[in-house]
Each structure stands twice: as structure tokens, then as C-alpha cells.
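The values are calculated or read from the model by the stated rules, or taken from the named source; none is laboratory data. Please read these numbers as outputs of a predicted model, since none were measured by experiment. So basically every Cβ, Gly included, is an ideal-geometry build from the backbone, and we count neighbours across all protein chains shown. When the accessible area is computed, the model is the full protein with side chains, heavy atoms only, and any ligands, DNA or RNA have been set aside. Shrake-Rupley method; radii C 1.70, N 1.55, O 1.52, S 1.80 Å.
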Amino acid sequence: MKLSANSPLQKLMNTMPQQGMVTWIGIRPKRKAPLLSLNEVDAITLKGLAGDHFSGSPTSKRQLTLIQQEHLDLIASVMQKPDLTPGDLRRNIVVKGINLHALKDRKFWIGSVLLEYTGECHPCSRMEETLGPGGYNAVRGHGGITARIVKGGAITVGDKVRVAESEEKSE
């Protein structure tokens, strides 16, 4: 449902002064390989992350994946796994302090890299292997988002995550 720009709900959805921060970065050099934790990675415009086995096409909706640290903590609690790591969930970037699902239909910045929200990142059957019985259901609704790289550059742990202003969206 498309809301009018003047509707009270649309105004609430457009109000997002919060900024997040990147807390972890990981790439998968090969399919099913463990993720490598990095302090910095190059995001290649309309492609993916340098060194990641998944290299998307310009129209791919899954050029990188993001998850909230707060959701990692929730999944660890549900699964009673205090040693859960970001690599266990196979997402590329972990952020804290911003609701990733509130970025729906928006572009957003991580440092100098412009990304576009493309969808939710649903769990796969590998969550049962990684987390144990119930892992798939523990991740449901908390698996993060997928994004397209609109303007590439370096992404570094500690970079700010913020909504792109309307004049920035056309870049």
C-alpha cells in the first residue's frame, strides 16, 4: 500500500534521526566456507564485496547482507548459545543502533558507500546445521536485510550507518 506523502503514518516512517555503526564485517571466500572477519572491505558498485564468493549482477538484489547486533543477541538468547558469532549467521555486515527494517524502500549510507534496501534476508536450512535444532525458527524475522551497492567505496568497522536524505537518493 502506497501512502500519501502527507499521511501521518508516512511522516512517522520518514522520521529516522538514529544512526547506527558497523561492528563487524565478513566475507565468504568460497561457497560454504567459514566467513573471514575483516576490519575493512571494498564495496564494488552494483556488484558485491571484494573477495566474497558471491558477486552479484548489476540487477542483483543481494549484493551484500546486513544484520543488527541486537538481533544476534536475541538469536543467541533464544538458542541459549552465548558463543554465537556473526559468522554463524553468514551475513556480511553487522550494525548496531539502527533498525535495518526501517530502511525499507530507502537508500542509506555506510560511511561513504551508498546502499539501497532490497529485501529481507530470510534464514536458510543451514541455520539448523550451524545453530542446532530450532535454528531456522530462531532466525525467522531476525535475519537482517539484503542491499544493492549504488555507490561503492570502503566500508570499515566503526563507520556510521544513516538514512540518505532525499537529495542524496538520486546519486
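When residues in the stretch 66-94 are screened for being in contact with a Ser or Thr (Cβ under 6 Å, 6 or more places away or on another chain) and more than 19 Å from E128 (Cβ to Cβ), 3 of them pass. The residue that is least open to solvent (accessible area, probe 1.4 Å), among those in the stretch 152-168 that are of a type in the set (D, E) and free of Cβ contacts under 8 Å to residues at least 24 places away in the same chain, is E165.
Residue by residue through the stretch 60-116, note down the ones that are hydrophobic (A, V, I, L, M, F, W, C) and within 18 Å of G153 (Cα to Cα).
Step one: list which residues in the stretch 60-116 are hydrophobic (A, V, I, L, M, F, W, C), which gives 64, 66-67, 72, 74-76, 78-79, 84, 89, 93-95, 98, 100, 102-103, 108-110, 113-115.
Listed by number, the residues that qualify are L64, L66, I93, V94, V95, F108, W109, I110, V113, L114, L115.
Kindly provide the set of residues from the stretch 114-137 that are out of contact with any helix residue (DSSP H, G or I) (no Cβ under 6 Å at 6 or more places or on another chain) and of a type in the set (G, A, S), ordered by number.
Filtering the stretch 114-137 down to residues out of contact with any helix residue (DSSP H, G or I) (no Cβ under 6 Å at 6 or more places or on another chain) leaves 114-116, 118-122, 124-126, 129, 132-134, 137.
Within the stretch 114-137, G119, S125, G132, G134 qualify.
Looking only at the stretch 17-25, decide whether some residue is out of contact with any Leu (no Cβ under 9 Å at 6 or more places or on another chain), modelled with pLDDT under 80 and not hydrophobic (A, V, I, L, M, F, W, C). Within the stretch 17-25, one or more residues are out of contact with any Leu (no Cβ under 9 Å at 6 or more places or on another chain), modelled with pLDDT under 80 and not hydrophobic (A, V, I, L, M, F, W, C).
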